[in-house]
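Bear in mind these aren't lab numbers, they're just calculated from the coordinates by the rules spelled out. Owing to the predicted nature of the structure, the values given are computational and were not obtained by experimental measurement. Neighbour counts are summed over all protein chains in view; Cβ atoms, including those assigned to glycine, are modelled from backbone coordinates with ideal geometry.
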Amino acid sequence: MSEQQSTSKELAVFLFCSTVYRLFSGALLVSLTWTILKQNDDDYLPLALAIFCSFIPAFITPVMIKRLSRRMDGRQMSAWFVLCLTGLALISGLSRNVTVGLLVTNLFVWLMIMSLEASLDMWFTQLQRGMDQTRVRRISGATTATSQAALMVGPLLAAGLMPILNGMGFSLVLGAGFLLVAGVCHSRRSLPVAVQEAGKVVAPARLPLTLFVPMVLIWPILGAFNFMLPVYVSNHGWSLFELGVLDAVFGLGMALIGVLVIIANTGRNLLAYLCALIALAVISTSMWWLMPDTLLLKALSLLILGMAFGGARVHIRVAIAYRYSEAAVGLYVSKANALATPVLLLILSLQLAIIENAWLLPFLLVSLTVALLLQTSATRFARGQAPVEAVSV
């Protein structure tokens with residue numbers, strides 16, 4: 001089998017595993033969040049505590065990734081992390097009536113998810129070696145589109161199945177989905193060394209601050225959004241269905257921008273691409289603030305916000321994957337996740353202090369993220385072509 005055929009098959013496996021994993025993780029996270037909120041009679045403090053504690057594992061992830069990368073590649077790590085999610089999904093069903101049990105389960109679920117995000121980025125970095133940047137950007141757009149479509153369906157899956165199945169039945173469905181992904185990951189062999197090293201393009205000496213700060217903000221934005229949305233839905237007397245719809249359209253926006261990246265060669269005019277993302281962030285903020293509180297208008301606002309946020313994530317992913325080694329990517333992503341924890345604590349504290357306007361922070365943070373990416377150093381970094389020395393980790 002040729003190297004190109006081997007890489008294409010591995011890309012297909014990566015696409016399947018990352019998509020199905022995100023489908024079931026989206027359903028699991030929404031079910032945990034909603035159950036914790038409703039068990040405490042709409043008291044927002046346990047929800048804020050759950051979301052903040054979710055990011056404590058970020059301090060552990062860099063050490064885990066660094067040590068595991070000495071023995072395993074990104075694909076192998078992904079298989080083991082998804083297998084752990086299988087067990088956690090079952091535990092969530094057993095502890096569904098115990099708030100402390102749900103909080104602890106939520107903590108370990110996020111440890112696996114953060115570890116998976118780093119390992120999947122390592123796997124993606126391994127696969128794109130030797131490709132030109134335009135193809136890397138389009139592959140990143142494709143994985144973003146499918147993954148976010150899965151995250152969009154995940155909350156709807158939870159909203160549809162939770163009222164029908166008992167707590168354990170829903171957990172068994174989630175566990176079966178995670179087990180399937182773990183099995184597919186484990187059954188694949190790693191790419192030959194020649195494929196991994198071909199056309200190696202590695203990092204400059206430093207990661208620009210205007211790129212690293214947006215990497216740090218990714219999880220706080222999601223955390224602020226995950227806190228804001230149930231609060232808004234509950235305050236308006238809506239149900240799990242409305243929560244699932246609003247969560248889903250945010251993911252749909254990220255999927256849509258991924259499709260647009262595939263269709264358009266955004267690398268030719270990166271400045272215009274990032275300016276368009278800023279415009280989307282401003283439009284979505286204005287719509288949420290000024291438009292009436294109807295499900296349709298709020299959904300449209302979150303669709304546009306999802307496009308802005310998803311577009312920023314595609315840009316970040318391409319910039320680091322194209323220039324850094326697999327191990328360096330895993331380390332940088334995990335370090336950014338660790339620094340995200342104190343940032344999230346500050347954001348959640350602000351949201352609790354301005355609970356009626358808790359929605360504002362995720363919208364503003366998306367705008368800030370894209371604004372930082374517009375800085376000259378980040379833009380030039382993403383478009384640079386000269387190979388330089390590898391980063392030691």
With R₀ set to 51 angstrom, the calculated FRET efficiency between the beta-carbons of V100 and S8, to the nearest 0.05, is 0.60
Calculated FRET value between N269 and L209, using beta carbons and R₀ = 25 Å, to 0.05
0.55
Sorting check: for 333-340, 310-317, which peptide has the highest mean count of neighbouring beta carbons within 10 Å, and how do the rest follow?
310-317, 333-340
Report the FRET efficiency, 1/(1 + (r/R0)^6), for L350 and A142, where r is their Cβ-Cβ distance and R0 is 25 Å, rounded to 0.05.
0.10
Using the Karplus equation 6.51 cos²θ - 1.76 cosθ + 1.60 (θ = phi - 60°), what ³J(HN,Hα) coupling, rounded to whole Hz, does each residue of the range 288-300 give in order, writing x for Gly and Pro?
5, 6, 9, 7, x, 7, 10, 4, 4, 5, 5, 5, 5
